[in-house]
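Chemist: Sharing a structure below in structure tokens format, with a few things to ask.
Bear in mind these aren't lab numbers, they're just calculated from the coordinates by the rules spelled out. Predicted model, so just to flag it, every value in this text is computed and none were measured. Cβ atoms come from the backbone with ideal geometry, glycine included; neighbour counts cover every protein chain shown.
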């Protein structure tokens, strides 16, 4: 890749036009980034991992511009946060305007309209035609913890059921609910009690075949709840409609709908963790809509704030109101600047039809990723919905996880100016989370680079 290449837009063919949107002036990371990273290691806890030691100066649409002047294609979106772009002018203007008025008062001390407006929007937009209430918080893990608190308060029951390959956060309860040990749980025990794990309907790895995954996984969940825990002891079942950190696993059709119906039959609160899947990421506004699921409670964060820290729990009014007065909240919960950002983000998603754009991204990217399954023995499956897509790497036996291959392809992409993330319980998945405002040219060029990395295996 030569330095100072020209910027171009406008193709959706998936073939090279001879120009690039990336601009690589130095190796990645460049000298200024390396210098800043060396200084960072002297100041910041080593417990913070890093995908690539690149320091970003500013953002142009879907391009990350680093301190060395390199322009990188963003296939990460800050882990599904900056769906409308990391410098969206509508969001930036709303943040600036609110910051001039007030940066903070604490909603539990004195109220402000933005908090109420965000709750109203969430009550309108989330699945389910029933009376709802919302509560705002700061992080995704906070939302999950509060959803569990609300479910326990409503049911008077203690137990939580979660799925294999789940990721729900890094706090004490949410890391207990998370499946993967390293790096999320290793050395941090003992863990919270009354958390039970059951299989997810992971079709690609289901022992008896994809066609049996939904029915057999549902049967396993029912057996655990009815005979091992006791349905009368279960407060909630918490599930991601698509498992995020666990490998972008979309459960086989019918599984989650069956879980929801079973939960309702036994008075168990069904919680959909839409922190990564929510707000247009998967081709619908919420991933639960894919199977017509109407969660009792739904948690959101990430893309909700357009880059500002805000999260929420939304659900049935009688459940949300079960928490005692003062039992939920937080100093920064629903901060006014974050609320302004959330309202602006929702406006952009609606006015620019980013749900429709997500479907276009899938139509371009998924066939290209599926083509890699046909051409490479190291790509076992390409999967996902909308702009939440992934490729799972295997050894040449077609099934054994191959984390080394994923690392090599990700390293090739990152050093070539396409920022990608790995994930998966076995560390063998590359996930693609481009901003929904990415151009076709940027998308295809990033896919070209990933294809090069796969071929190099």
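Chemist: So what does the Cα-only Debye profile of region 379-457 read at q = 0.13, 0.22 Å⁻¹, as log10 I(q)/I(0), no solvent term?
Modeler: Log-scaled intensity ratios, in q order: -0.36, -1.01.
Chemist: If region 95-144 were replaced by its equivalent ellipsoid, with semi-axes equal to the square roots of 5 times the Cα gyration tensor eigenvalues, what would those be, largest first, whole Å?
Modeler: Square roots of five times the eigenvalues give 23, 13, 11 Å.
Chemist: With each label point set 7 Å from Cα along the Cα-Cβ vector, what nm distance links residue 39 and residue 220?
Modeler: If labels sit at residue 39 and residue 220, their model points lie 5.0 nm apart.
Chemist: I need to check one value: relative contact order of region 91-351, counting alpha carbon pairs closer than 8 Å and at least 6 residues apart, in percent.
Modeler: Relative contact order of region 91-351: 31 percent.
Chemist: Rounded to whole Å, give me the distance from the Cα center of region 268-287 to that of region 389-457.
Modeler: Between the Cα centre of region 268-287 and that of region 389-457, the gap is 24 Å.
Chemist: If I model region 188-279 as equal point scatterers sitting on the Cα atoms and use the Debye formula, what is log10 I(q)/I(0) at q = 0.24 Å⁻¹?
Modeler: Values returned for q = 0.24 Å⁻¹ are -1.32.
Chemist: Can you give me the relative contact order of the chain as a percent, contacts being Cα pairs under 8 Å and 6 or more apart? All intermediate terms of the calculation are to be shown ahead of the outcome.
Modeler: Details: 978 pairs, mean separation 101.6, N = 457.
Normalised by residue count, the contact order of the chain is 22 percent.
Chemist: What distance in nm lies between label points placed 7 Å from Cα along the C-beta direction at residue 58 and residue 411?
Modeler: 3.4 nm
Chemist: A follow-up question, please. Let me see the P(r) profile for region 278-348: every Cα-Cα distance counted, bins of 10 Å, each bin given as a percent of all pairs.
Modeler: 18, 42, 35, 5
Chemist: So how many Å³ per residue does the convex hull of the Cα atoms of region 116-245 work out to?
Modeler: Convex hull of Cα atoms, per residue: 142 Å³.
Chemist: Rounded to the nearest 500, what is the chain's calculated 222 nm mean residue ellipticity when only DSSP H runs of at least 4 contribute -39500 (n - 2.57) each, over all residues? Present the calculation step by step, with values, prior to reporting the outcome.
Modeler: Working: 13 runs with 159 residues, N = 457.
One gets -11000 deg cm²/dmol as the mean residue ellipticity at 222 nm.
Chemist: Further question: Give me the orientation-averaged projected area of the Cα convex hull of region 91-351, in nm², one decimal.
Modeler: In nm², the orientation-averaged hull projection of region 91-351 is 14.0.
Chemist: With all distinct Cα pairs included, what does the Kirkwood hydrodynamic radius of region 67-188 come out to in Å, to one decimal, could you say?
Modeler: Numbers: mean 1/r = 0.0550 Å⁻¹.
About 18.2 Å, per the Kirkwood formula over Cα pairs.
Chemist: Modelled label-to-label distance, residue 264 and residue 350, 7 Å Cα→beta-carbon offset: nm?
Modeler: Computed distance between label sites residue 264 and residue 350 equals 2.7 nm.
Chemist: Provide the FRET efficiency to the nearest 0.05 for the residue 117-residue 46 pair, computing r from the beta carbons and using R0 = 45 Å. The partial results should precede the final answer.
Modeler: Values: r = 41 Å, r/R0 = 0.91.
Efficiency at R0 = 45 Å is approximately 0.65.
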